[in-house]
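Quick notes on the structure that follows.
The values are calculated or read from the model by the stated rules, or taken from the named source; none is laboratory data. Fair warning: this is a prediction, and the values are worked out from it, not measured in the lab. Glycine gets a Cβ as well: all are built from the backbone with ideal geometry, and neighbour counts include every protein chain shown.
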């Protein structure tokens with residue numbers, strides 16, 4: 001049975017949007033935590049760890065506000081976290097240009113203003129654009145929130161491999177490829193270099 005011991009913290013509303021297939025990319029930059037200040041897409045696959053502490057409705061495009069409300073309503077017990085999405089990284093780009101980022105506006109839930117602020121924060125470091133093929137766990141994992149999971153950091157080491165059980169892709173292979181092709185075209189037309197193209 002496949003297992004996973006690594007999770008990536010992401011806004012709960014983004015996890016839900018990725019889990020519905022409406023979005024297949026994430027935009028990431030280093031956080032304020034020392035071990036996370038230079039974000040790297042270090043793992044080829046991982047669980048998605050939904051977080052709420054930095055999620056704000058005014059940083060999300062209006063058409064995703066309903067998903068945001070639903071995500072907040074799911075946060076009923078802060079002592080446990082439910083992880084129901086596992087993903088594979090298929091492609092990674094490093095982005096430094098405001099115009100190239102604007103080309104991605106239609107492919108993610110964050111407001112243009114917030115996305116640009118993320119790009120220009122610590123301007124020497126690029127913004128990572130990662131393509132995720134997401135799988136729904138048929139039996140979600142409910143685990144206690146340990147102290148070492150807390151703080152403004154991206155990666156969470158769960159300590160032991162958690163059994164993933166049965167899962168299914170939220171998009172078929174063809175659906176995912178078609179979405180990814182459109183987004184990658186907008187990036188490469190802007191002169192960006194693809195950092196990786198992992199086996200799907």
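Values as computed for the structure displayed
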| item | result |
| --- | --- |
| Test: residue in segment 6-21 that is assigned to a helix (DSSP H, G or I), closer than 25 Å to residue 119 by Cβ and modelled with pLDDT under 90 | no |
| From 126, 144, residue being within 18 Å of the chain's Cα centre (by Cα) and farther than 20 Å from residue 23 by Cα | 126 |
| Residue 46 vs. criteria crowded, with 16+ Cβ neighbours inside 10 Å, in contact with a strand residue (DSSP E or B) (Cβ under 8 Å, 6 or more places away or on another chain), at pLDDT below 95 and not in a helix (DSSP H, G or I) | no |
| Pair list, Cβ under 6 Å, 6 or more apart: segment 61-89 residue closer than 13 Å to residue 12 by Cβ, other residue loosely packed, with under 14 Cβ neighbours inside 10 Å and modelled with pLDDT of 90 or more | 82/140; 82/142; 84/140 |
| Checklist (1) in a strand (DSSP E or B); (2) more than 19 Å from residue 4 (Cβ to Cβ); (3) at pLDDT 95 or above applied to residue 93, failing item | (3) |
| Strands (runs of 3 or more DSSP E) completely within segment 96-200 that count 3 or more residues being at pLDDT 95 or above and in contact with a helix residue (DSSP H, G or I) (Cβ under 8 Å, 6 or more places away or on another chain) | 127-144 |
| Qualifying positions in segment 63-82 - modelled with pLDDT of 85 or more, surrounded by 11 or more Cβ atoms within 10 Å (Cβ to Cβ) and part of a helix (DSSP H, G or I) | 64 |
| Number of positions in segment 127-158 that are without any contact (Cβ under 8 Å) to a residue 60 or more places away in the chain and either surrounded by fewer than 20 Cβ atoms within 10 Å (Cβ to Cβ) or over 21 Å from residue 108 (Cα atoms) (or both) | 8 |
